[in-house]
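The values are calculated or read from the model by the stated rules, or taken from the named source; none is laboratory data. Just so we're clear, the structure is a prediction, and the values are computed from it rather than from any experiment. Cβ: placed from backbone, ideal geometry, glycine included. Neighbour counts: every protein chain shown. The accessibility values were calculated without ligands, DNA or RNA, using every heavy atom of the protein model including side chains. Shrake-Rupley method; radii C 1.70, N 1.55, O 1.52, S 1.80 Å.
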Amino acid sequence: MKTAILTDTTKCIGCHLCVEACKEVNHLPNDMPRRWDMRDGLSADNWTAVIRRDDDKFVRKQCRHCLEPACVASCPVAALHKTNLGPVVYDKTRCIGCRYCMMACPYGIPRYQWDSTVPYIQKCVLCYDTRLKHGREPACTEICPTKATIFGDRDKLLGEAHQRIRQNPGKYIHRVWGEHELGGTSVLYISDVDLSFLTYGARFGEKPLPVATRPAMEAVPFTFLGVAMAMAGLRWIIGRRDKVQREEGSQEPEE
Amino acid sequence: MDRVRRLKLLLWMPVGLGFAVTVDRFFFGLGAATHLSDATPWGLWIGFDVMSGVALAAGGFVLTATVYIFRLERFHSIVRPAVLTAFLGYVAVVAGLLFDLGLPWHIWHLIIYWNPHSPLFEVGWCVMLYLTVLTLEFFPVPAEDVSSLARVRRFLVKMRIPLVILGIALSTLHQSSLGSLFLIMPYRLYPLWYSPILPVLFFISAIALGLMMAIFESHFTAYFYRRKPETAVLASLASAARWVLILYLVVRFSDLAARGQLHDLVGSAWQVKMFWFEIVVAGLLPVVLFSISKFNRRPGWQWGTAAVGVGGIVLDRVNVGGLIDLSRGAALYLPSWQEIVTSLAIVAGAVLVFLFIIEHFRVWEERPVDPKADPKRLPELNPVGETWLGAPVIAARIKYSLAFVLAAALAFSFLANPKVEATGIVPVPAHRARGDVGKLPGISSRVSFNSSLTPSPSPASGRGGTAKRWVRAKRQKATAIPAGVLYLDGDLTGWGVTFYHQREVERNGGEKSCAICHHMNMPHDQNSGCYECHRDMYQPTDAFRHNWHASRSGANLACIQCHEAGYPRTSAQVKPCTDCHKDMIPPGATIQVSSENLVDASGEIRRLITPGSVVKINTYTAVSYVDAMHELCVGCHAQVAEREKKPEVAQCAECHKGKLNYSDTVNLLYQRTAVAGRRVVMPPPPASPGGAAMKP
């Protein structure tokens, strides 16, 4: 079973209960605006946020738990990994603090404890250890009073999303965000506003980001061996040529 | 040697500054020492120290290849300095990385936890391996003078060719995979730089950079040690560098053409200008200058051209490493002075070690000798301080120490305040409800607002945003409020609640009902508005204004008029406000202010006032406007809903009508009553975990 979250922004009333529930379950301290914030509500102490847009629409932001996550592909010590259930979880005992995941994430989700001497990456883990493993849904979806954000099987939620759009064609933009782009995500959105602002740029297609590095990474062993062999061969050939030239040179005066 | 001494004196200063910053960074964290942020997690330390450090060390593999693979023996004299430069370059990279990593003591995790899909994993491994190879390649030089290491040395010399080949292969991977790092983040690079063949471009430019770095470094030491520059040998290196640069330009532009990005080459974006500047400095200018043989035969021109080319390719690395991405995100990233100082200190430290090794080991055919280094020489008079500092060698050490200590002290003095910057919580002042309560049945005297204490908002006051919202809200609502109705819209966003004041008074028993809601008044006032104490929309405010009471222009009270003499002057040892202000709490109010401790177990003030219950508080902290309104209204509505079996009375949509669609809202009351001390209480887990199917 691949779990997922479907957020219907038209149902969100902006009560922030999901944010408070997340803090409660994950033992996060109260948030404080800091210099390094991205002003989108997310921070090391806020794993989900409700963005109130200028057009008075609410959009909940959280980790998208991509099907092929860029953060997982980029982490050099495999501190992040995609579980079978769906969440992308973080093992802080492995982390070296390189922040490559923060650079790689196309949604700008992972945040850092900049004020700490022993800093870790902080992001939504879909309540994997605290609730999901024990058969309970994440705190944010459970507490949501309007069922604007719901939890379930990804395929079923996709069906539900398309059904809602079909039933209310005038209400929604005819697109399920997270279905295809960048390989798809486990956090899906349907909305009456364009949600491209949740990503860094709208110009990626449906190809997952790790695909971009794959050719370069696959070439590594061949490059290594190829260069080593070419160098050894060149040295031998050039040495041989020099030797022949020397011999010819030493023979010439005799002739 | 006077030039070298002056250079060293100069280099010890950034090292001193860097020492102080090191303490700052490792004691107080990255946030205190850098301007990195969630939007720009990589800054100068990655962009310059790591990206450029690795590139600058390219001379090692380029020259070992030249001499040992292509067997061009005439370059043999510059191999050792080049390998030394590469070795120190990599040590500097690792040092910079230790500053940048959040958990540098975990750096060895790269060895035991593998993720072969990550370019950074490959970079890390190549750095480790290549640093080892460089150490082994260079070790025979310092081992020359130690007879006990002779066997190790002989073995390493025998292993030289395999080591050189290994080093070249590792460098190839490593120089190129610095480019691969950025392939996964197309949105962070301007299209003129982002390319699938970024690794190839990085590799080609690294070769050119390695050649030019060897030229630069040779002239650099020749100048400072007053040696004869090896211009003729270096000229052929320059000619090779020229061809590599031409190849680089051809590949780069044909890649742009192949990706259809040529139209990006013209434009007014600063990135486009930066691109052309980079191309000129890193490519065209060195190619042209190296091609003119008149210039290429002169040491000064050679040195200058190499410096320009090195600078240009370093600029390319810095551009990719983050410079062209500066303007993205919420805030502009500019490196903090600590970041700049650390980078300088690492470079300065590397140069100092370089000079030390050159002077003490046989990097050149013969070691540089200092004619004044004879320890038996007489001391010299320092012309500045007129002091005798001993022999020049000793005197120089004193001066270096002084430079280091003074620089460190200066940096420490700037670090005195390690407070990590916070932007502070934005206050959202609550404003008076609009509308008129009109004539109230059964109440003879009209309710008077004491508006002198909290002036009603005007478009001119407050932040620009507030004024704008005020105007907008006024335009939307001012015309439509009938008498007896109040429009509660504390932050003036037009998202308010219509409150039928007159109707509530009628329902709740006329004049007697006032105290249900108006539980406290401002002094000399009746029925003060909620906003007068609950002054902020989201944060608790202090209803008691201490400074105003103590100031001469305010109440002009002496301390002992409220705080009893002989006791600590705290909020616990103070007489209640009601001793003076007898009219503050109206008779029958649901809140009484007393000094009794009636806070709840969690230390928070009791919340959720329900009419009829008397809540005593021992502080004049007023909860936020939003909380005050919700708790007052929802508490009463919940009772009505229960008594009259009308659940809809307690639902959000009962009050929040209009702009938002609350029709889907189920009863929020459950969650709202569960709020205790700003914490949500999650519903208990089901008796039997029904999610067994959710297990992987």
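At a glance:
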| item | result |
| --- | --- |
| Buried on assembly, the stretch B:118-159 (at least 20 Å² less accessible surface than by itself, 1.4 Å probe) | B:Ser118, B:Pro119, B:Leu120, B:Glu122 |
| Debye, to nearest 20: dipole size of the stretch B:34-335, +1 on Lys, Arg Cβ, -1 on Asp, Glu Cβ | 1040 |
| Alpha-carbon centroid distance for the pair the stretch A:92-129 / the stretch B:158-219, whole angstrom | 29 |
| Gain on full stretching of the segment that runs from A:Gln163 to A:Arg240 - 0.36 nm per residue minus C-alpha separation | 20.2 nm |
| Accessible area buried at the B-A interface, both sides summed, 1.4 Å probe (Å², nearest 100) | 8200 |
| Accessible surface of chain A, 1.4 Å probe, proportion on carbon and sulfur as whole % | 54 |
| Solvent-accessible surface (1.4 angstrom probe) belonging to B:Thr135, in square angstrom, nearest 10 | 60 |
| Ordering of B:240-246, A:243-249 by packing [mean C-beta count within 10 Å, highest first] | B:240-246, A:243-249 |
| Heavy-atom accessible surface of the stretch B:233-278: percent carbon and sulfur, 1.4 Å | 74 |
| Computed lengthening from B:Arg507 to B:Ser77, 0.36 nm per intervening residue step minus Cα-Cα distance | 144.6 nm |
| Estimated FRET transfer efficiency when R0 is 51 angstrom, pair A:Glu68-B:Ala565 (beta carbons, to 0.05) | 0.10 |
| 5 angstrom amide H check on B:Asn521, placed H, neighbours 5+ away | B:Ile585 |
| Exposure of B:Val308 as accessible area (Å², to 10), given a probe of 1.4 Å and all protein chains | 50 |
| Cα-centre dipole for the stretch B:133-185 with unit charges at Cβ (Lys and Arg positive, Asp and Glu negative), debye to 20 | 240 |
| Residue among A:Thr83, A:Thr117, A:Ala148 farthest towards the positive dipole end of the stretch A:54-168, charges placed on Cβ | A:Thr83 |
| DSSP H segments from chain A that extend 24 Å or more along their own axis, Cα-based, with Kyte-Doolittle mean of -1.0 or above | A:220-251 |
| Ranked order, A:Asp54, B:Asp38 - accessible area, probe 1.4 Å, largest first | A:Asp54, B:Asp38 |
| Length-normalised contact order of chain A in % [C-alpha pairs under 8 Å, at least 6 apart] | 24 |
| Cα gyration tensor shape of the stretch B:277-347, rounded if a/c is under 1.5, else prolate or oblate by comparing a/b with b/c | oblate |
| Label-point separation, A:Val118 to B:Leu334 (7 Å along Cα→Cβ), nm | 3.6 |
| Inter-label distance for B:Ala409 and A:Asp55, nm, one decimal - labels placed 7 Å from Cα along Cα-to-Cβ | 6.3 |
| Along each principal axis, Cα extent of the stretch B:29-183, largest first, Å | 51, 33, 28 |
| Nonlocal amide H pairs with A:Ile51, under 5 Å, H built at 1.01 Å | A:Val59, A:Arg60, A:Lys61 |
| Segment B:Lys228-B:Leu10, length gained on full extension (0.36 nm per residue, minus Cα span) | 76.1 nm |
| Three-way shape call for the stretch B:34-335 based on the alpha-carbon gyration tensor, with the a/c threshold at 1.5 | oblate |
| Top positive-direction residue, dipole computed over the stretch A:116-241 with Cβ charges, set A:Thr223, A:Leu198, A:His174 | A:Thr223 |
| Interchain or long-range residues, amide H under 5 Å from B:Thr621's placed H | B:Ala543 |
| Estimated inter-spin distance, B:Arg3 and B:Gln261, nm [label 7 Å along Cα→Cβ] | 4.1 |
| Chain A - Cys residues lacking any other Cys C-beta under 4.7 Å | A:Cys12, A:Cys15, A:Cys22, A:Cys66, A:Cys75, A:Cys95, A:Cys98, A:Cys105, A:Cys127, A:Cys144 |
